[in-house]
Amino acid sequence: MRSQIGWCLSVVLAIIIGPVSLALADYTITVTIGDTTLNPVINGPVPIKGNYTHAATGGTITIADWGGTAQVFLPNAGQDNVLDSIQLVNAKITATNTSVTNFPLSFQAQMTEGPRTPDSIVFYKLAVLGLFQTATGSSFLIGNYVKNPLTEDFTFLQAVQYTPGNILMSLNPAGISWPPPSHADLTGDRVLRVETAIALANTKFLDFKTTGVNPPRSILMYNSSSPDQCPPGSKKCHKSRGMYLPCSMKPSECKMKKE
């Protein structure tokens, strides 16, 4: 099983990284952890090491560098106009009290116009590999969104939740095609957004280390042209979940699909 996971992620990373263009389009990354929105960064990664709190749940966490700099970045920054992607890497997320039950962490990046329909079909996907210190008291919910055009709100694509029976977490749901029903074709600049909610027992951690481990662990949203059979609104692409994502608390900013 582990070799199959490694092969899958190797293919994904090969697709994402690919031949890097010398042209660099401007992009902006924004990260929110608990109640803290870090300073947006233009054309560079956002370091996320630090201590964070979430008043709504009372949870507190620490994010440490783990195998490298804990950060959110664009793995395809040199070819932003060809491929959309955003990734979180090298983070060790540790609960520092007993209230880390629905701790929110979200990140997004504004991309320049690039892959688009109807010239080519675009599927937005998630690829997550992480390691829980212990399965007891742990859970992880992730969802992704796209804003296109920039004058509109975010459109919700899908969400999946993982409650571990073992400590290794692997999520590779089928991609969601763009455009969704009653939406324009993908043109112009767009924003990719990833939202997560984390549950951890006190003093336990969730590991997204990329170096010295095989396969590397990370949270990745990206697009591809592969024909995943996952029509928007399909029940098989949306697993039941008990936690909630940040956008569900701000419905005025997000278009939430009915499931």
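Summary table below
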item	result
Selection from region 143-176 of residues that are β-branched (Val, Ile, Thr), farther than 17 Å from residue 84 by Cβ and touching a residue at least 40 places away in the same chain (Cβ under 8 Å)	160
Qualifying residue in region 124-147 (condition: at pLDDT 90 or above, β-branched (Val, Ile, Thr), under 16 Å from residue 201 (Cβ atoms) and touching a strand residue (DSSP E or B) at 6+ places or on another chain (Cβ under 6 Å))	no
Residue in region 147-154 that is under 18 Å from the mean Cα position of the chain (by Cα), over 25 Å from residue 50 (Cα atoms), of a type in the set (D, E, K, R) and surrounded by 19 or more Cβ atoms within 10 Å (Cβ to Cβ) present	yes
Every residue from region 72-99 that is over 19 Å from the mean Cα position of the chain (by Cα), surrounded by fewer than 24 Cβ atoms within 10 Å (Cβ to Cβ) and at pLDDT 95 or above	96, 97, 98, 99
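Residue by residue, here is whether (1) aliphatic (A, V, I, L, M); (2) within 17 Å of the chain's Cα centre (by Cα); (3) surrounded by fewer than 16 Cβ atoms within 10 Å (Cβ to Cβ); (4) in a loop (DSSP other than H, G, I, E, B) holds:
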{"residue": "29", "(1), (2), (3), (4)": "yes, yes, no, no"}
{"residue": "39", "(1), (2), (3), (4)": "no, no, yes, yes"}
{"residue": "101", "(1), (2), (3), (4)": "no, no, no, yes"}
{"residue": "105", "(1), (2), (3), (4)": "yes, yes, no, no"}
{"residue": "109", "(1), (2), (3), (4)": "yes, yes, no, no"}
{"residue": "113", "(1), (2), (3), (4)": "no, no, yes, yes"}
{"residue": "125", "(1), (2), (3), (4)": "no, yes, no, no"}
{"residue": "134", "(1), (2), (3), (4)": "no, no, yes, yes"}
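The values are calculated or read from the model by the stated rules, or taken from the named source; none is laboratory data. Since we're looking at a predicted model, the values are computed, not measured. Quick reminder, even Gly has a Cβ in these numbers, built from the backbone with ideal geometry, and neighbours come from all protein chains shown.
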